[in-house]
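Here's the structure, in structure tokens; my notes come after.
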Amino acid sequence: MDTGNANREPLYYISVAARLVCVHPQTLRMYERIGLIEPERTPNNVRLYSDADIERLRRIQRLTQELGVNLAGVEVILSLLDKIDQMQEEIERLQYELEHGPKQLPPPEQPRSASRGVRIEIGEG
């Protein structure tokens, strides 16, 4: 589940992120290349990792090192976990709407007519 924008703020250079999860920076580059992680990039193309990225990297490490899952399996597992998180957020939103009613939308705007004040009636006949 999304734990907010604060833990998605890009904070850590690749060397720091690698130290935090006890891997070589090249491993992080490989994870990015195969799509397991998507760090933010600065205008100078420097990778910056957020706390959420670090959590994801730790999950990858646990799956590969402790559970023996290969990287293809990790990709499938992470994709399924992401879908579960999205569904959980949707469930929570729907539960909130059930308890509090749906969010009120502003009334729709009236279409603007090119000829204001001119009314054309078409009669039968």
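The values are calculated or read from the model by the stated rules, or taken from the named source; none is laboratory data. Note that this is a predicted model, so its numbers are computed, not measured. Here the Cβ is made from the backbone with ideal geometry for all residues, glycine too, and neighbour counts use every protein chain on show.
Step by step: first the residues of the stretch 79-125, then only those that are of a type in the set (A, V, I, L, M, F, W, C) and at pLDDT below 75, then the one that is farthest from Leu57 (Cα to Cα). Which residue is that?
Let us first name the residues in the stretch 79-125 that are of a type in the set (A, V, I, L, M, F, W, C), namely 80-81, 84, 87, 91, 94, 98, 105, 114, 118, 120, 122.
Still in the list and also at pLDDT below 75: 105, 114, 118, 120, 122.
Numbers: Leu105: 39, Ala114: 57, Val118: 65, Ile120: 66, Ile122: 68 Å.
Applying the filter and picking the extreme gives Ile122.
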Would you confirm whether or not the stretch 25-40 contains a residue that is charged (D, E, K, R) and touching a strand residue (DSSP E or B) at 6+ places or on another chain (Cβ under 6 Å)?
yes
Return the total of residues in the stretch 6-65 being crowded, with 16+ Cβ neighbours inside 10 Å and either touching a His at 6+ places or on another chain (Cβ under 6 Å) or of a type in the set (A, V, I, L, M) (or both).
14
